[in-house]
Amino acid sequence: MSTSLVARFGTSVVKKVAMGVTGLLLCGFLVSHLLGNFLIFVGADAFNLYAYTLTSNPLIYLAEAVLLSIFLVHLFMATRLVIENKKARPVPYYTKQPTGRGATVASSTMPYTGLVILIFLVLHLLHFKFGTYFETTVDGVTMRDLYKTVIEYFKTPLNVAWYVIAMGALSMHVSHGFWSAFQSVGFNHPKYTPCIETLSKVFAGLVFLGYSALPIFCFLQGGQS
Ligand code: HEM
């Protein structure tokens with residue numbers, strides 16, 4: 001990485017914009033991942049065919065590389081901003097916002113909910129993407145039975161509880177992150193900012209309900225298979 005890039009990355013405005021843009025892109029991923037996972041409610045063939053269509057497309061590697069880069073930039077900037085906040089207490093990034101609002105539980109716990117999401121993601125990829133491989137045939141095509149991998153995993157009540165707790169942390173992170181991302185990219189409007197704040201809370205609520213419904217449904221489903 002060239003020195004001018006390091007110097008540029010150093011400036012807090014660029015860091016905040018990078019946080020905001022990557023945060024909004026990750027929210028976009030959350031929506032698409034949730035909608036795809038809702039095929040679990042439709043049934044095994046629908047979900048497996050969807051996952052097979054995604055993973056057998058060569059562009060998936062490019063999409064995964066882009067997703068990983070966005071996540072790493074977000075993580076890198078977050079870590080730097082948390083360290084700088086610790087050093088420069090008077091004006092910490094995640095407790096006092098340009099709007100003059102006081103700290104909320106969501107805003108002052110961003111590093112901790114972020115850490116829970118990081119741990120969740122590592123375990124999630126280990127258990128699902130790189131998890132137990134089962135095989136099935138749908139419309140004459142042999143493919144991975146990812147539905148079975150997910151159902152088997154959620155047969156353990158502790159795994160369901162962990163997901164619901166982790167989705168609580170994710171929802172808390174998003175409830176502040178979605179709103180503050182707009183601030184970070186410079187969108188601050190007396191009329192629209194309160195709407196974005198409400199939208200942020202609604203989005204966080206839907207993320208929690210949607211992502212918690214999946215493990216609970218799979219647990220109930222698993223009990224029948
Ligand atoms: C709670 C319900 C969830 C379920 C049932 C679920 C299911 C899955 C499954 C089955 C895969 C493997 C896909 C494959 O190998 O093709 C996967 C991958 C993944 N999940 Fe989730 N997921 C959930 C929540 C989340 C959340 C909350 C996040 C983000 C914070 C997330 C991020 C990812 C990522 C980054 C991948 C890898 C995508 C790829 O490599 O293409 N998942 N998920």
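Protection proxy ranking, highest mean first, for peptides 20-28, 61-69: 20-28, 61-69, where packing is the per-residue count of other beta-carbon atoms within 10 Å, averaged.
Take residue 34, project a point 7 Å from its Cα along the Cβ direction, then tell me which residues of segment 142-182 have their backbone nitrogen under 20 Å from it. 160-182, by backbone N distance to the label point.
Its DSSP H runs of at least 4 residues, each contributing -39,500 (n - 2.57), put the calculated 222 nm mean residue ellipticity of the chain at -24500 deg cm²/dmol, to the nearest 500. Binning the C-alpha pair distances of the chain at 10 Å intervals from 0 yields a P(r) profile of 7, 29, 31, 20, 10, 2, 0 %, listed from the shortest bin outward. Rounded to the nearest 20 debye, the dipole size of the chain about its Cα centre is 1160 debye, using +1 on the Cβ of Lys and Arg and -1 on the Cβ of Asp and Glu. Think of a 1.4 Å ball rolled over the protein heavy atoms: the chain then has 56 Å² of accessible area per residue. Among complete DSSP H helices in the chain, none has alpha-carbon atoms stretching at least 24 Å along the helix's long axis together with a mean Kyte-Doolittle hydropathy reaching 1.6. Estimated at 0.36 nm per residue, the fully extended path between residue 185 and residue 139 surpasses their Cα-Cα distance by 11.9 nm.
Assigning unit charges at the beta carbon (Lys, Arg +1; Asp, Glu -1) and nothing else, what dipole magnitude in debye, to the nearest 20, does segment 134-225 show about its Cα centre?
The dipole magnitude comes to about 280 debye.
Structure remark: mean-square fluctuation, Gaussian network model of the chain, C-alpha springs under 10 Å; the largest value among 11, 132, 113 belongs to 11.
When only Cα pairs below 8 angstrom with a gap of at least 6 residues are kept, segment 110-179 shows a relative contact order of 39 percent.
The values are calculated or read from the model by the stated rules, or taken from the named source; none is laboratory data. The structure displayed is predicted, hence computed values, not measured ones. Methodologically, a virtual Cβ is constructed for each residue, glycine included, from the backbone with ideal geometry; neighbour enumeration extends over all protein chains shown. Just the protein is used for accessible areas: all its heavy atoms, side chains included, with ligands, DNA and RNA removed. Shrake-Rupley method; radii C 1.70, N 1.55, O 1.52, S 1.80 Å.
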